Amino acid sequence: MRDEDVAIRDAVWRTARAMHREGLVRLSEGNVSARCGGGRVAVTPTSLPYADMVGEDIVIVEADGRPVAGGRRPTSELPMHLGLLAALPEVGAVVHTHSPYAVAFAACARPIPAVIAGEAAVVGGEVPVARLAAPGSPDMATAVLEALHAAKGRRRAILLQSHGLVALGAGLDEALAVALYAEQMAQTAALARLVGTPITLDLGVPGAG
């Protein structure tokens, strides 16, 4: 394995552990991917708790999904990761979470409103909801891409109806930050509705509001 691939593999592992540590996932739910050299992708394995995961467990696959390094099977949601990375050349990493407040909005098929200025600027504004798609199917990527297109602005997070959240970034750090801030926005919006009516922001950011 090339040094570049080893570095990306270890970065995916560290991001996955951080995602778990921050409470965005539990046990082995959710997944992380990032581009490697030569069109390959590093992705978390299936059915392995993050607490037990080590760098060598991250799987390197070719663009067609064929594993070339790592002794485990890749996440069952590999088709979504490959589809998004193939369609969005500006995206270098994908983080998929099941964080509780974002999932609550996804369960209701309601977008997360842009209610906090700093977080909304990172996320790209309101977090829209993709239509329902079968987990593990290529249709998940199609649904996310449709939601991005319909939003007509720069979005870095999309809710998966009745499922979870997908965060996109130029790199792993950005994708993880988007996932964290989207969850913070969802939590604040949910709590604010107990107090009154949250004010939705238009930040002057393309696609915000």
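Paramagnetic label reach from R154 (point 7 Å along Cα→Cβ; backbone nitrogen cut-off under 13 Å): within the range 63-100, residues 90-91.
Centre-to-centre separation between the Cα atoms of the range 139-173 and those of the range 21-51: 17 Å. In this structure the amide hydrogen of V68, modeled in the peptide plane, comes within under 5 Å of the amide hydrogens of I60, V61, E62, none closer than 5 places in sequence on its chain. The modelled label-to-label distance for the pair S76/I199, using points 7 Å beyond Cα in the direction of Cβ, is 4.5 nm. Residue by residue, the range 192-200 carries 3J(HN,Hα) couplings of 5, 5, 6, 8, x, 10, x, 8, 7 Hz when phi is fed to the Karplus relation 6.51 cos²θ - 1.76 cosθ + 1.60 (θ = phi - 60°); x denotes Gly or Pro.
All distinct Cα pairs of the range 3-195 go into the 1/r average, and the inverse of that average, the Kirkwood radius, is 16.2 Å. Note on the range 1-92: with charges restricted to the Cβ of Lys and Arg (+1) and Asp and Glu (-1), its dipole about the Cα centre is near 120 debye.
No value in this document is a laboratory result; all are computed from the given coordinates. Bear in mind the structure is a predicted one, so any value in this text is a computation, not a measurement. Every residue, glycine among them, receives a Cβ derived from its backbone with ideal geometry; neighbour counts consider all protein chains shown.
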